[in-house]
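Following: one structure in structure tokens, then a few remarks.
Values quoted throughout were computed directly from the atomic coordinates according to the rules given, and no laboratory measurement underlies them. In this text, all values refer to a predicted model and were calculated from it rather than measured experimentally. With ideal geometry, Cβ positions are generated from the backbone for all residues, glycine too; neighbour counts draw on all protein chains shown.
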Amino acid sequence: IVANFSHKTVHLKGVTVKLNIWDMTGNENILNISVCKYAAIVVYDITNMDSLYTAMDWIKALDKVKTPPINVKLIGNKADLESRRMINLEKVQKYSHENKIDLMETSARTGLNVNKVFNTIIDEFLM
């Protein structure tokens, strides 16, 4: 299985949390990994409609194998490229609401909401 692995340490609400992050970048073998999975961050590019369809396929696949339940976040990246947006935000919001999936938009370039994604996952886990 080809993946990038990294760690991120976050201090939130007086608790230190060490995240182990696997970046699978579309690798279908992720569904066969038998490690603990608490959350999945499924990312699409707001300037590329095909990336949203791929993200939706991943969400369907994760839904079939999520034992124990996995906290799935749908993330629209490249929010800094709003002028090039190809994906209607209202339609994605409707999809995420119907599928009970949190939706956020980020920008890896500017850092917009990137930490918020991780902090939200940690907050929900600590509840």
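Taking H as built 1.01 Å from N, whose amide H comes closer than 5 Å to the amide H of ASN77, not counting residues under 5 places away?
TYR44, ASP45, ILE46, THR106
Which of THR16, THR106, THR54 moves the most in a Gaussian network model of the chain with Cα springs under 10 Å?
Of THR16, THR106, THR54, the Gaussian network model singles out THR16 as fluctuating most.
Ignoring everything except DSSP H segments at least 4 long, calculate the 222 nm mean residue ellipticity for the chain; use -39,500 (n - 2.57) per segment, divide by total residues, nearest 500. Provide the component values of the computation, followed by the final result.
Values: 3 runs with 40 residues, N = 127.
After summing the helix terms and dividing by the residues of the chain, the value is -10000 deg cm²/dmol.
Taking 0.36 nm per intervening residue step and subtracting the Cα-Cα distance, what contour gain separates LEU89 from THR120 on full extension?
9.1 nm
By a straight-distance test (C-alpha under 26 Å), which lysines pair with LYS91 as possible cross-link partners, with residues fewer than eight away in the same chain excluded?
Counting by Cα, and skipping residues close in sequence, LYS91 has these lysines nearby: LYS60, LYS64, LYS66, LYS73, LYS78, LYS100, LYS116.
Assuming R0 = 22 Å, what is the FRET efficiency of ASN71 and ALA108, from their Cβ-Cβ distance, to the nearest 0.05?
0.60
For segment 57-63, what does the Karplus curve 6.51 cos²θ - 1.76 cosθ + 1.60, with θ = phi - 60°, yield as ³J(HN,Hα) per residue in whole Hz, taken in order and with x for Gly and Pro?
With the stated coefficients, segment 57-63 comes to 4, 5, 5, 4, 5, 5, 4 Hz.
Using +1 at the C-beta of Lys and Arg and -1 at the C-beta of Asp and Glu, which of ILE41, THR120, ILE59 has the Cα lying farthest in the positive direction of the dipole of the chain?
Working it through, the farthest residue towards the positive pole turns out to be THR120.
For LEU19, list long-range residues whose amide hydrogen, built 1.01 Å from N in the peptide plane, is under 5 Å from its own amide hydrogen.
LYS8, THR9, VAL10
For segment 118-126, what does the Karplus curve 6.51 cos²θ - 1.76 cosθ + 1.60, with θ = phi - 60°, yield as ³J(HN,Hα) per residue in whole Hz, taken in order and with x for Gly and Pro?
5, 5, 5, 4, 5, 3, 5, 5, 6
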